Amino acid sequence: MKKQISTSIRIETSPKVIWDILIDFNAYPEWNPFIRSISGKLTLGAKLKVALMGMNFKPQIMELIPNKSFIWLGHLGMKGLFDGEHKFHVIDNGDGSSTFEQSERFSGILVRLFSSSLDKNTKNGFIEMNEKLKLRAEHRSLSNDK
């Protein structure tokens, strides 16, 4: 079974400001209510340690394009049970603003079991993270303009 969750938010700042916040893993506990912590080397193919809402896992970085996209692939237990391809995508709107998209494609035999939780808790976690990222990025942009 497969399932996808997608969210997006317009942020009044450049992709670089958003990217710099997104890859500053050490600061996540200060602002990120969904992803509590990330540790590991930010390089293509590297494995990260991620803690979020009561779950810990070690995804592998599948794509890393500075100021644009960051994709990891994680598994709960062994591959094929409950897999998630998480995408962070930053789009330059060409008018001084950006669109931040966060999505995840889930697959595996346990997806149906977690489906309602994904629709509610996980999607709400994405939305809350997006909103906090927006606040932090726009505040940083205003502070830098002064």
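The values are calculated or read from the model by the stated rules, or taken from the named source; none is laboratory data. All values reported here derive from a predicted model rather than from experimental measurement. Every residue, glycine as well, gets a Cβ built from its backbone with ideal geometry; the counts of neighbours run over all protein chains shown. Ligands, DNA and RNA are stripped out before the accessible areas are found, and what is left, the full protein with its side chains, is counted by its heavy atoms. Shrake-Rupley method; radii C 1.70, N 1.55, O 1.52, S 1.80 Å.
Before moving on, here are some points about what is shown:
- Within region 4-40, the residues that satisfy the criterion of being open to solvent by less than 20 Å² (accessible area, probe 1.4 Å), under 13 Å from the mean Cα position of the chain (by Cα) and of a type in the set (S, T, Y) are T7, Y28.
- Residue ranges of strands (runs of 3 or more DSSP E) in region 61-146 with at least 1 members of a type in the set (D, E, K, R) and either touching a helix residue (DSSP H, G or I) at 6+ places or on another chain (Cβ under 6 Å) or crowded, with 16+ Cβ neighbours inside 10 Å (or both): 83-92, 98-107
- Among the residues making up region 59-76, those that are more than 13 Å from the chain's Cα centre (by Cα) and at pLDDT below 95 are H75, L76.
- Check on M1, open to solvent by 20 Å² or more (accessible area, probe 1.4 Å) and in contact with a helix residue (DSSP H, G or I) (Cβ under 9 Å, 6 or more places away or on another chain): yes
- Test result for T43, hydroxyl-bearing (S, T, Y), open to solvent by less than 10 Å² (accessible area, probe 1.4 Å) and assigned to a loop (DSSP other than H, G, I, E, B): no
- Selection count where residues are in contact with a Leu (Cβ under 7 Å, 6 or more places away or on another chain) and part of a strand (DSSP E or B), scope region 15-38: 3
- Considered as a group, the residues in region 46-60 that are in contact with a strand residue (DSSP E or B) (Cβ under 6 Å, 6 or more places away or on another chain) and either aromatic (F, W, Y) or not in a loop (DSSP other than H, G, I, E, B) (or both) include one that is farthest from S115 (Cα to Cα), and that residue is K47.
- Residue satisfying all of: in region 95-146; under 13 Å from the mean Cα position of the chain (by Cα) and among the acidic types (D, E); farthest from D83 (Cα to Cα) among these: E131
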